[in-house]
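The next block holds one structure in the form of structure tokens; read it before the comments.
Computed from the coordinates by the stated procedures, all read-outs in this text should not be read as laboratory data. Since we're looking at a predicted model, the values are computed, not measured. Counting neighbours? That spans all protein chains shown, and the Cβs are built from the backbone with ideal geometry, glycine included.
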Amino acid sequence: MKRMMTGLLCLMLWASQVQSQTPRVFWGSLSGSSGASCSAIMAVTQPGTLGTADRALDCATNAGDTVYLKGGNYQQILDFTVRSTGNGTSYNNPITVRSAPGETVTIRGIQMYLNSAKSYFIFQDMRVDGCCSSDPVIVTHPNHHIRYQRIDLFNATTNGFACRTDPSTDNDGVFPEWIDVIARDGNSSQIGGYGIYNQCDDYLVDGIEVYNWKGSGAIEMHNAYSGLRADRGTMRRFYIHDMHEGTNSHLCEGFGSLDGAGVLIYDGRIDLRTCPTNITSALIRIGGSGSSLVVYNVLGIGGLDGIDYCAFGQTTDITVKNSILLPTGGGPAIHKSPCAGSVVENFSHNACFSSDTSCGSSKVTLTSHTNCVDTNLMPLSTANPCRDAGTYVGLPFNGLRADIGQEGGSDGTPPGTPGSFAVTFLPRLLFPYTVAMRG
């Protein structure tokens, strides 16, 4: 009998522990109660009692918990420096904050600063009106593994999405992720002001559209603090268009990576034809003390220059393949010669090199297809000489060979095998993709 009672007690204890760790769903709304108990607002489907957004966030203390916010315009920033929300343990067991299924939620921002110390969070399916704060969606060290997915951010007056570091801390291990997001209708009146401004290492941008943005550029990966860099990043599936110069920025750029190492950029379009051509307006700007940057399957049109190499320093080991860059401001497709160890293959238009004492053109392997000049956006016409003219770089393609400038996919299809182009991830985007997530 004693053994039976001991076994029963252990079973009850185990069951209570399992129950306490079972993923839970908490509900918040504009009309919810700040004093509601966590048990009252917890249910898989909408319960009779709802909490405020802050109350629901404070109840989500276990890894795997989800917060559903009912539809509406929340005049607040989700500030995790003052919330008692718990942490996730992996992206299979995260804290998730999202709009209730089928409903539209608009908030003023998501802030995770130094004293938040949060990990494995997913924010998804929300709109962010960035009208009222600097860097409305921001994460800083030591928060890490923070994912923003299907977020529509607009009206930012500085940067939209941001990952920032402090010169006294390390920027390693933040792992910010922006997946299927939009940054639009920004209006920055200062130097800076990007759709994404990232100072952190180990970043992923997997699906982004930046448009109608007035500032310095669309996306900037650059740690301005001495000795710190934005290393080991991937940006894929992107569309940048309808960009405008900020009031005091004198810049209007597509993608910039300064002082970064191990950066991969592929599958996307940059259209800077709305940028003034009398200012710095490179489609892609690479420079500083960075190294090992790769650009595959990118179509760019407009701007003063195509790729501005060696900006603000000497960057080494740059590879550009299967890309079409057509600057319309009178500048070259390649401004300044690529630096030591660089490879430029199947690069369209005139790969013009200007003289540069630090980066000699003898240091680059260049194969240029000058007949691929086509100002029409993708897909390439059947008669375009860029069809079946590219190099296999590990991405899937349709046809006998990879196209030059044609966005591919990321499932590793071997040469000669048609790729999969069936899924559209954002309704405004002009090109479809198969989404590939980072592990």
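Each Lys or Arg adds one and each Asp or Glu subtracts one; over the other residues with Cβ under 12 Å from the Cβ of Cys275, this totals -3. Inter-label distance, Asn278 to Cys132: 4.0 nm, where each label sits 7 Å from its Cα along the C-beta direction. Based on Cα contacts under 8 Å between residues 6+ apart, segment 73-134 shows a relative contact order of 43 percent.
Our estimate of slack between Tyr91 and Tyr392, defined as 0.36 nm per intervening residue step minus the Cα-Cα distance, is 105.2 nm. With the cut-off at 1.5 for a/c, could you classify segment 258-300 from its C-alpha gyration tensor as rounded, prolate or oblate? Here segment 258-300 falls in the oblate category. Gain on full extension, evaluated as 0.36 nm per residue between Ala43 and Gln75 minus their Cα-Cα distance, stands at 9.0 nm.
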